[in-house]
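These notes concern the structure reproduced below.
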Amino acid sequence: MSNEQRGQEALDALDKALKSRDRAEKSKPLAVVAMSTVAILAIVGVVWFLATRDSEEDVVADDAAESTEQTSEAQVEPLALQRETPLQETVTCSYDDAGEAAREVSKPQTENVPATGEVTVTLQTGQGPIPMTLDRSVSPCTVNAFVHMSEQGYFNDTVCHRMTSGALNVLQCGDPTGTGRGGPGFQFANEYPTDEMGAQTAKPVTYPRGTVAMANSGPDTNGSQFFLNYDDSQLPPDYTYFAKITDEGMDTLGKIAEAGVEGGASDGAPAEEVRISEATVSR
């Protein structure tokens with residue numbers, strides 16, 4: 001399906017949603033109707049953004065984040081960062097072929113993947129170390145893949161190609177090409193919070209300062225790109241959370257964030273290059 005067709009489907013969805021809202025909301029106060037319209041526009045905005053964006057590019061949807069500015073902070077709940085129902089001690093994961101790998105790396109193991117405990121991965125950068133505590137209990141398949149790629153040197157000598165500020169406050173890394181289009185040649189499904197929220201995934205949430213989540217180019221297209229939240233970020237819960245940055249790591253990330261985006265923009269390359277020289281694993 002072409003981008004034009006995807007865009008038209010998004011517009012058709014908006015038209016149907018607005019007509020349905022008009023029929024259901026005629027007897028409600030004007031303020032409620034207005035809030036409903038804003039919510040519909042936010043949802044369809046995300047559909048339009050993802051439908052018309054290059055499918056090869058792993059992104060964090062900044063348009064989705066900006067739409068949450070229409071919602072008061074009291075209505076945007078932070079992620080709990082833990083599952084309501086614990087997983088079994090081990091899970092089975094699936095890593096499907098997805099395009100050409102930006103750097104040679106094998107697929108992770110798929111059977112008996114541990115779903116308990118933590119593991120530390122430290123990103124060594126020119127600005128200082130960024131240690132992260134990866135939580136297997138929330139997103140075991142993601143942690144499994146991230147640790148595997150780290151041990152195989154996939155993230156070594158790569159730049160973090162994107163930084164944003166505003167409702168979305170992230171540093172995005174994980175693409176050896178530095179373009180935002182590269183991946184490991186495989187992809188895997190979303191985990192927490194997407195798999196727990198079901199129909200609530202259209203409602204924005206806060207990814208708290210210090211959390212790490214996977215970037216993607218649509219549902220279940222996680223690869224190697226990830227984003228570090230140097231401050232709270234508002235997004236739909238469509239991005240798999242899997243790690244927390246330590247205090248030492250936040251000191252480094254804070255310095256990177258303070259330097260800002262190249263040219264003083266709100267979205268673009270970091271003003272000072274952030275290069276990961278090595279990603280080391282401590283079990």
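Among the residues of the stretch 203-215, is there at least one that is more than 23 Å from Ala257 (Cβ to Cβ), of a type outside the set (Val, Ile, Thr) and open to solvent by 10 Å² or more (accessible area, probe 1.4 Å)?
Yes, the stretch 203-215 contains at least one residue that is more than 23 Å from Ala257 (Cβ to Cβ), of a type outside the set (Val, Ile, Thr) and open to solvent by 10 Å² or more (accessible area, probe 1.4 Å).
Against the definition (part of a loop (DSSP other than H, G, I, E, B) and either at pLDDT below 95 or surrounded by fewer than 18 Cβ atoms within 10 Å (Cβ to Cβ) (or both)), how does Pro219 come out, yes or no?
yes
Tell me, please, whether a residue that is within 19 Å of Gln127 (Cα to Cα), crowded, with 17+ Cβ neighbours inside 10 Å and not aromatic (Phe, Trp, Tyr) can be found in the stretch 183-195.
No - not one qualifying residue is present in the stretch 183-195.
Against the definition (open to solvent by less than 30 Å² (accessible area, probe 1.4 Å) and at negative phi), how does Thr246 come out, yes or no?
No.
What number goes with the only condition from (1) over 24 Å from Arg136 (Cβ atoms); (2) β-branched (Val, Ile, Thr); (3) at pLDDT below 95 that Thr201 does not pass?
So Thr201 meets the others, but not (1).
Please go through the stretch 167-211 and pick out each residue that is out of contact with any Pro (no Cβ under 6 Å at 6 or more places or on another chain), without any contact (Cβ under 8 Å) to a residue 40 or more places away in the chain and assigned to a helix (DSSP H, G or I).
Hits for the stretch 167-211 are Asp195, Gly198, Ala199, Gln200.
In this structure, does Gln234 turn out to be surrounded by 24 or more Cβ atoms within 10 Å (Cβ to Cβ) and either under 26 Å from Asn190 (Cβ atoms) or touching a His at 6+ places or on another chain (Cβ under 7 Å) (or both)?
So Gln234 fails the test.
Given the condition under 22 Å from Gly153 (Cβ atoms), assigned to a strand (DSSP E or B) and at pLDDT 95 or above, answer yes or no: does some residue in the stretch 256-276 qualify?
yes
Within the stretch 79-96, identify whether any single residue is closer than 18 Å to Ala215 by Cβ, open to solvent by 40 Å² or more (accessible area, probe 1.4 Å), at pLDDT 95 or above and not β-branched (Val, Ile, Thr), and answer yes or no.
yes
Of the residues that sit in the stretch 116-166 and are open to solvent by 20 Å² or more (accessible area, probe 1.4 Å), outside any strand (DSSP E or B) and touching a residue at least 60 places away in the same chain (Cβ under 8 Å), which one is farthest from Leu228 (Cα to Cα)?
Out of the qualifying residues, it is Glu151.
The values are calculated or read from the model by the stated rules, or taken from the named source; none is laboratory data. Because the structure is a prediction, the values reported are computed rather than measured. For neighbour counting, all protein chains shown are included, and Cβ atoms are generated from backbone atoms with ideal geometry for every residue, glycine included. Just the protein is used for accessible areas: all its heavy atoms, side chains included, with ligands, DNA and RNA removed. Shrake-Rupley method; radii C 1.70, N 1.55, O 1.52, S 1.80 Å.
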